[in-house]
Amino acid sequence: ENIAKTATPSKHQHPLSWYIKWTSSIILIIGMIFTANNIYPYNLFLHFIGITGWLWVAVLWNDRALIVLNSVALAIFANGMIAYLLKILQ
């Protein structure tokens, strides 16, 4: 058995999920950089976009653990975005 072999679908097997996965990962890394540098609220919006992409990938892969994780993360970031928007509207 090849230990280095990945269990995730390859670019050739599922090109749509491959592009969404990597684009979302890059967006999440940028969101983390924004968070580390306290660039608020843009970090929330970037994380929301990245998590949405990963949720889409999780659904395409039918991976329940990723679906649960990213659904909860999406709700948390949505909560933060709504709180921010309500704060600026007051």
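The values are calculated or read from the model by the stated rules, or taken from the named source; none is laboratory data. Note that this is a predicted model, so its numbers are computed, not measured. Cβ atoms come from the backbone with ideal geometry, glycine included; neighbour counts cover every protein chain shown. Note: accessible area is taken over every heavy atom of the protein model, side chains too, but ligands, DNA and RNA are not part of it. Shrake-Rupley method; radii C 1.70, N 1.55, O 1.52, S 1.80 Å.
Among all positions in region 56-65, there is at least one residue which is at pLDDT 95 or above, among the aromatic types (Phe, Trp, Tyr) and surrounded by 14 or more Cβ atoms within 10 Å (Cβ to Cβ). Screening 62, 70, 37, 43 for residues that are among the polar types (S, T, N, Q) and in contact with a Ser or Thr (Cβ under 7 Å, 6 or more places away or on another chain) leaves exactly one candidate, 43.
Could you please let me know if residue 20 is in a helix (DSSP H, G or I), surrounded by 16 or more Cβ atoms within 10 Å (Cβ to Cβ) and touching a Phe, Trp or Tyr at 6+ places or on another chain (Cβ under 8 Å)? Give the derivation first.
Details: in a helix (DSSP H, G or I): yes; surrounded by 16 or more Cβ atoms within 10 Å (Cβ to Cβ): yes; touching a Phe, Trp or Tyr at 6+ places or on another chain (Cβ under 8 Å): yes.
Yes.
Considering every residue within region 64-87, establish whether at least one is more than 23 Å from residue 16 (Cβ to Cβ) and either among the hydroxyl-bearing types (Ser, Thr, Tyr) or not in a helix (DSSP H, G or I) (or both). Within region 64-87, one or more residues are more than 23 Å from residue 16 (Cβ to Cβ) and either among the hydroxyl-bearing types (Ser, Thr, Tyr) or not in a helix (DSSP H, G or I) (or both).
State all residues of region 26-53 that are open to solvent by less than 50 Å² (accessible area, probe 1.4 Å) and either without any contact (Cβ under 8 Å) to a residue 40 or more places away in the chain or aromatic (Phe, Trp, Tyr) (or both); if no residue qualifies, say none. If the condition is that a residue be open to solvent by less than 50 Å² (accessible area, probe 1.4 Å) and either without any contact (Cβ under 8 Å) to a residue 40 or more places away in the chain or aromatic (Phe, Trp, Tyr) (or both), then 27, 28, 31, 43, 46, 47, 50, 51, 53 are the ones that fit.
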